[in-house]
Protein chains: 2
Amino acid sequence: MGEQIKFQLGEDDIPWTWYNLAADLPEIAPILDPATATPLGRDDLARTMPEPLADQELSTEAEFAIPEPVREIYRQWRPTPMFRARRLEQALGTPAKIYYKYEGVAPTGSFKPNSAVPQVYYNKLAGRQRLVVETGAGQWGSAIAFAAALFDMSAKVYMVKVSYQQKPYRRSLMETFGTNCTPSPSTETAAGRAVLAENPDHPGSLGVAKSEALQAVFADGKSGYARGSSLNHVCAHQTVIGQEAIQQMALADDYPDIVIGCAGGGSNLAGLSFPFLREKLRGGKDVRLIAAEPVACPTLTKGRIAYDYADTRQLTPLFRTHTLGHRFVPPAVHAGGLRAHNIAPLVSRAVEDGYMEAVALRQTACFQAGVIFARSEGIVPAPESTHAVRAAVDEALRCRDEGVGRTILFGLSGHGNFDMAAYEQYFAGRLRDDTLTDEALANGLASIPQPATV
Amino acid sequence: MGEQIKFQLGEDDIPWTWYNLAADLPEIAPILDPATATPLGRDDLARTMPEPLADQELSTEAEFAIPEPVREIYRQWRPTPMFRARRLEQALGTPAKIYYKYEGVAPTGSFKPNSAVPQVYYNKLAGRQRLVVETGAGQWGSAIAFAAALFDMSAKVYMVKVSYQQKPYRRSLMETFGTNCTPSPSTETAAGRAVLAENPDHPGSLGVAKSEALQAVFADGKSGYARGSSLNHVCAHQTVIGQEAIQQMALADDYPDIVIGCAGGGSNLAGLSFPFLREKLRGGKDVRLIAAEPVACPTLTKGRIAYDYADTRQLTPLFRTHTLGHRFVPPAVHAGGLRAHNIAPLVSRAVEDGYMEAVALRQTACFQAGVIFARSEGIVPAPESTHAVRAAVDEALRCRDEGVGRTILFGLSGHGNFDMAAYEQYFAGRLRDDTLTDEALANGLASIPQPATV
């Protein structure tokens, strides 16, 4: 049978810079102050992030140098491998060539440390003593816990309650790194208490958890806040993935026709796809970029492009992006990392400008593809990553039906070691396709601020 | 602060041969037929293993060529990284240099696939359609499930019941790879039913699970059995670890004074240490080899060197090795992979001949070291691996007390992603130091066959 092929780079091939797509798109919409509807500047942003990150957030420079202490830590697991999935191709009987870039080799099992490490580093330089963050499925919280341990800082994580219950061992992982983890909504913050007063059984959402983390940061002058996705600087940090993949495709003497990533907050997708988009924007080969999101949280396929908050309590600035409304609460699918009501403005802009497509996928179809992948390639994907697997399988099957060989590259953003309860449910036939109701969608969209109010 | 340093080899540095220590030790004790007390030959062994493995088992050649299809699959995760743990050194304030070889980057998170892949490969070549194995903590079962999926074979795993209960997601992992997993003792086999008749609450043991797996193989002419540890050929397969480590120590321009591995069935320890012992036996630098075992199952420190069975039902041949008796049932410590009543004959022989020392360690002390390690190095060790961490920490602290800098290399045999429940118990103060009673030890030792009967 066909064998998997690994394309392995050396340490010297770890990128020296992060790529910023904002350099290559005209007229990036500013981040607005919700009170004044005026663009936020460096000093405004620097109230909740270290100055170097505020600079990156507003920059239209194409490249940011990766600090050497960050690159040192990247060396623990980077460059990550890229594989040609020949066994999967054979299982599907497709003429397509399928490659995947695997970020699960990172210590916490996903792509998240790519940004957690620099964010903790800059916060440490800025004199912060503690990091406070929210987390969905626990990947971001684990990555911050990992990075905080390495920089001798403490950390506090508010974890979306439904994921906290689905993935109890994520909490143990954070605790092992020395980080305290609390299910959100919690009674620790005013934001959490307000949500619980409305609905004591609230399953939590990234928006609520983000409000809690921000309030905890504001309540204490010593803590820093770190964003797991969405913002320009986070997307930039993740471009180490795509930059490496471009080198690895060259090793394979190939180039993708299609690049696929799962889409939640958008940084994993951005990290893989933006370097390929740069090539295209600068006159290189055309490439189809596909965002794979859950039908339960169809931000790109059913959201509106509008200014909106990133949290339920309206503590964040306003970002112009695809949004389902900051009060939107998605069903409790296992891909907790994809339960975001809005997405990275740069990803949204890439979709708006026609550089990227989006597909919405059902949970059970994604797990089915995840199992096919595991049995072919020997790696169990995280529930989030199964969305990219499913989209890649669908494209490969289309190649088969059309009798056309295309080159497909997808991002395997993490392993599923902490998500086996979800696979257990899948095999037991207990996994449901929770889709959102028209009412829930309408309620969410109704919470998008009207232009007059911004 | 000091940074971790990674020593990374290229694909071409994956060893081309497995090393067989039997070539360098005189007069290896034969494996005996229990009925006749005569040495088993190739044809006898070939009744339960493919001929190439029977040849390896009996061989006194130093090297076995690694088949290309096996080396192809090794490339998915090999060469594994070796790290200098400078952050751990600083946390301990030791002048020692601490290195660790990390096998947790393998798809199932431990060293086990190093032998699962060739064993499944040889069984496939021999026309077997299914693999049946026992597993303790689930590492061996997962590795077989992984390898079977890659070679399009089916597999069946009997998992020691106490580990099955402690680590439910190991079962889900095996199922995701398409393998059926049953807690042992089970009602599926005569061996399991006999044990349950004596004690319906029997927690299971590797010996019982092995009897069940062997009976299932004997009941059906199509299945093959694969050994997760102990046998010479398994130890040989694992020497890819130590062979790579020797190359990596050369990259570090260093050489260990002390090499440490955790000891259960012995193959992880053998894999790391035997290549260093070869160097010594062939006139190279002296090195202290240390086996780290749990006080709950002190095979090397309290066992006897004698001919004994590897399973409770006396279905295996007799091996001359350190043993606590084939009826010994260790307390239910979380390091399920170290709950073996006997150990690899070659490891036993290395101890007997004075080439290797053994230390027995308490579970809570091991988890304490595991947490220190996680917070320094960013990797959560498997409970088994924490024994090697603890022994390395103890040696490093001795260096500090003596004011002597030594070079310590230990094997980090796997990550703890599937063992977070154990860490949860540790942090909650609920982890106990289950040590064996004098009575349990005496009962175990009493089951060792007397010379007259062999």
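In table form, for the structure just shown:
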{"item": "Label distances, nm, B:LEU25 versus same residue in remaining copies, Cβ-directed 7 Å point", "result": "6.4"}
{"item": "Förster radius 56 Å - calculated FRET efficiency between A:ARG398 and A:GLN450, Cβ distance, rounded to 0.05", "result": "0.85"}
{"item": "Distance (nanometres) between label positions extended 7 Å along Cα→Cβ at A:LEU25 and A:GLU352", "result": "0.8 nm"}
{"item": "Length-normalised contact order of chain A in % [C-alpha pairs under 8 Å, at least 6 apart]", "result": "19 percent"}
{"item": "Contour minus Cα-Cα distance for B:ASP220 and B:LEU196 (0.36 nm per residue)", "result": "6.3 nm"}
{"item": "Region B:298-344: C-alpha gyration tensor shape, a/c 1.5 cut-off, then a/b vs b/c", "result": "oblate"}
{"item": "From the C-alpha gyration tensor of chain B, square roots of 5λ in Å", "result": "31, 24, 22"}
{"item": "Built amide H within the under 5 Å cut-off of A:CYS262, gap 5+", "result": "A:ALA292, A:ALA388, A:GLY411"}
{"item": "Label spacing, shortest first and in nm, from A:GLY221 to its equivalents in the remaining copies (7 angstrom along Cα→Cβ)", "result": "8.4"}
{"item": "Selection from A:GLY303, A:VAL347, A:PHE328 lying farthest towards where the dipole of region A:300-454 points positive, charges on Cβ", "result": "A:PHE328"}
{"item": "Amide H partners (placed H, <5 Å) of B:LYS97, local residues excluded", "result": "B:ARG406, B:THR407, B:ILE408"}
{"item": "Axis-nearest residue in chain B [Cβ, rotation onto A], distance in whole Å", "result": "B:ASN417, 2"}
{"item": "Computed FRET value (nearest 0.05) for A:ASP254 with A:GLN90, which takes r as the C-beta separation and R₀ as 22 Å", "result": "0.80"}
{"item": "Region A:1-67 - percent of accessible surface contributed by carbon and sulfur, probe 1.4 Å", "result": "50 percent"}
{"item": "Hz values of 3J(HN,Hα) by residue in region B:393-406 - Karplus curve (6.51, -1.76, 1.60), Gly and Pro given as x", "result": "4, 4, 5, 5, 5, 5, 4, 4, 5, 8, x, 10, x, 10"}
{"item": "Dipole magnitude (debye, nearest 20) for chain B, charges at Cβ of Lys, Arg, Asp, Glu", "result": "740 debye"}
{"item": "For region B:277-282, Karplus couplings with θ = phi - 60° (6.51, -1.76, 1.60), whole Hz, Gly/Pro x", "result": "5, 4, 4, 5, 5, 9"}
{"item": "Approximate shape of region A:36-193 as ellipsoid semi-axes (Cα gyration tensor, √5λ), whole Å, largest first", "result": "30, 23, 17"}
{"item": "Angle between chain B longest axis and helix B:113-125 axis [Cα atoms, degrees, rounded to 10]", "result": "30 degrees"}
{"item": "DSSP bridge pairs, chain B: antiparallel proportion in percent, nearest 5", "result": "35 percent"}
{"item": "For A:HIS326, distant residues with modelled amide H under 5 Å away", "result": "A:TYR309, A:ILE448"}
{"item": "Set of aspartates and glutamates near B:LYS97 by C-alpha distance (under 18 Å), chain-local residues within fewer than 8 positions excluded", "result": "B:GLU3, B:GLU89, B:ASP253, B:ASP254, B:ASP257, B:ASP286, B:GLU377, B:ASP394, B:GLU395, B:ASP401, B:GLU402"}
{"item": "Unit charges on C-beta of K, R, D, E only; dipole of region B:1-91, Debye", "result": "660 debye"}
{"item": "7 Å along Cα→Cβ, label-point gaps from B:ARG430 to other copies, nm, shortest first", "result": "2.0"}
{"item": "Tail beyond 19 Å, pair distance distribution of region A:208-272 (Cα, percent)", "result": "50 percent"}
{"item": "Kirkwood Rh (inverse of mean 1/r, distinct Cα pairs), region B:1-125, angstrom", "result": "17.6 Å"}
{"item": "Under the Karplus curve 6.51 cos²θ - 1.76 cosθ + 1.60, θ = phi - 60°, whole-Hz ³J(HN,Hα) for region A:329-338, x wherever Gly or Pro sits", "result": "10, x, x, 7, 6, 6, 7, x, x, 9"}
{"item": "Interface residues in region B:170-190 - accessible area drops by 20 Å² or more relative to the isolated chain, probe 1.4 Å", "result": "B:ARG171, B:SER172, B:LEU173, B:GLU175, B:THR176, B:PHE177"}
{"item": "Cut-off 9 Å between beta-carbons: net charge of the residues surrounding A:GLN76, Lys and Arg +1, Asp and Glu -1", "result": "+1"}
{"item": "Principal-axis tilt of helix B:206-218 within chain B, Cα atoms, nearest 10 degrees", "result": "50 degrees"}
{"item": "For region B:1-72, alpha-carbon Rg over 2.2 N^0.38 Å", "result": "1.62"}
{"item": "Å² of accessible area per residue within region A:321-426, as computed with a 1.4 Å probe and no ligands counted", "result": "24 Å²"}
{"item": "Solvent-accessible area buried by A and B, counting both chains, probe 1.4 angstrom, square angstrom", "result": "3800 Å²"}
{"item": "Positive-end residue of A:LEU92, A:GLY109, A:TYR121, charge dipole of region A:83-123 with Cβ unit charges", "result": "A:LEU92"}
{"item": "Charge context of A:GLY178, other residues only, Cβ under 12 angstrom, K/R +1, D/E -1", "result": "+1"}
{"item": "Rounded if a/c under 1.5, otherwise prolate or oblate - region A:329-454, Cα gyration tensor axes", "result": "oblate"}
{"item": "Sulfur and carbon atoms: percent of accessible area, region A:369-416 [1.4 Å]", "result": "43 percent"}
{"item": "Value of [θ]222 nm, deg cm²/dmol, for the protein assembly as shown, DSSP H segments ≥ 4, -39500 (n - 2.57) each, nearest 500", "result": "-12000 deg cm²/dmol"}
{"item": "Surface accessible to a 1.4 Å probe, B:ARG171 within the full protein complex, Å²", "result": "50 Å²"}
{"item": "Cα gyration tensor category, rounded, prolate or oblate, for the protein assembly as shown with a/c compared to 1.5", "result": "prolate"}
{"item": "About the Cα centre, charge dipole magnitude for region A:113-237 (Lys/Arg +1, Asp/Glu -1 at Cβ), debye", "result": "220 debye"}
{"item": "Förster-model FRET efficiency, 51 Å R0, A:ALA428 and A:ASP55, C-beta, rounded to 0.05", "result": "0.50"}
{"item": "Dipole of region B:81-206, positive end: most advanced residue of B:PHE83, B:THR182, B:VAL162 [Cβ charges, Cα centre]", "result": "B:PHE83"}
{"item": "Inter-probe distance in nm under a simple model that places probes 7 Å from Cα toward Cβ, at B:LYS285 and A:THR437", "result": "7.0 nm"}
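The values are calculated or read from the model by the stated rules, or taken from the named source; none is laboratory data. In this text, all values refer to a predicted model and were calculated from it rather than measured experimentally. With ideal geometry, Cβ positions are generated from the backbone for all residues, glycine too; neighbour counts draw on all protein chains shown. Keep in mind that these areas ignore ligands, DNA and RNA; they rest on the heavy atoms of the full protein, side chains included. Shrake-Rupley method; radii C 1.70, N 1.55, O 1.52, S 1.80 Å.
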